[in-house]
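Notes follow once the structure below has been shown.
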Amino acid sequence: MNMNPAPQRIKQLHEDDRPREKLLKKGGKTLSNSELLAILIGSGNKQKSALDLGKEVMEAASHSLNNLGKFSSADFLKISGLGPAKAVVLLAMLELGRRRGEESAIERKSIKSSRDAVELIRDHLRDLEHEEFWLIMMNRGAFLIDKIMLSSGGTGSTVVDPKMLFRIALQHKTSMLIVAHNHPSGTLKPSEADIKLTEQLKNGAKLLDIVFADHVIIAGNDYYSFADEGKL
C-alpha cells in the first residue's frame, strides 16, 4: 500500500490560487517566493508538483534570496525533481536579477561616496566564492568612465599589479579611481596585503596626479571603506 499521497497538482487548485493566474490577475507582489519559483520551474513530476519544488528550493536556501543568489547548477541539481533544464532556467533568472542591479547602479553614474561605489560593484562581488579585484575609473566630476575586473584569485586572495592598474587608468584618461575587492570569508577586516596595496596605490596615484578616492572591501551585504575609516 502506498503511504505517500500524490502531490496536489497546480491545475487542481482554485484558479485564484494558481501562481500563473494569480500573477496575471493580482500582480507579482501577491506571490510568495516559492510561487514565483514554481512559475519558472513550470512542471513537477509524479512525486512533486512545481509548487513543491519551489518550496524545496527556498528551504534549501534557508528562505533567503541572498542565499539563493549564490546557488550554482550543482546546488539546484541536489533537489530531486530539478533536472538540468530547470536548473538552467533558475540560473538565468538569477543572472538577470544581478544584471538589473548592475544596470540600475550604472544609470546613476556619479560616484561621490563609498556607498555609491559599493552599489555600483556589489552585484559583481557579493555572491562569489573566490576573490576578484575591480577598478572603477571616473573623470574629474566623479562620473563613471568604466569599471573592469583586474584579477581573479582563490578563496583567500587575489594578486594585483599596480603597474597594470595605472596603465589601464591612464589609457582611460582617468582622473579619479576607486578599487574594490571581496572577502568570500565574510570578514571585513583588511589583511596586511590589503593595507600594503592600498598604500602603494595611494602613492602611485599621487605621482600620476590621479585622485585615489577609496579602496572598498565587500563581504556579503556589508563593506569596509578605507576612506570612511580615515585610512587614506
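Where a number appears in this text, it was derived from the coordinates with a stated rule and is not lab data. Everything quoted here is computed from the prediction, not taken from an experiment. Glycine gets a Cβ as well: all are built from the backbone with ideal geometry, and neighbour counts include every protein chain shown.
Computed from backbone phi, the HN-Hα couplings of segment 24-32 come to 5, 7, 10, x, x, 5, 7, 9, 6 Hz, rounded to whole numbers (Karplus: 6.51 cos²θ - 1.76 cosθ + 1.60, θ = phi - 60°; Gly and Pro given as x). The residue 72 and residue 208 beta-carbon pair, evaluated with R₀ = 35 Å, returns a calculated FRET efficiency of approximately 0.30. Were the residues from residue 89 through residue 63 laid out at 0.36 nm apart, the gain over their Cα-Cα distance would be 7.4 nm.
Under 5 Å between amide hydrogens, built in the peptide plane, is the criterion, and for residue 182 it picks out 132, 218 among residues at least 5 positions away or on other chains.
Using the number of other C-beta atoms within 10 angstrom as an exposure proxy, rank 58, 137, 164 with the fewest first. Numbers along the way, then the final one.
Values: 58 19, 137 22, 164 12.
Lowest to highest Cβ neighbour count: 164, 58, 137.
Total lysine pairs in segment 10-100 at Cα distances under 20 Å, for residues eight or more apart or on different chains: 20. Ignoring lysines fewer than eight residues from residue 112 along the same chain, the ones with Cα atoms less than 27 angstrom from its Cα are 147, 163, 173, 189, 196, 202, 206, 231. Put in line by how crowded their Cβ is, counting other Cβ atoms within 10 Å and starting with the fewest, 55, 202 read 202, 55.
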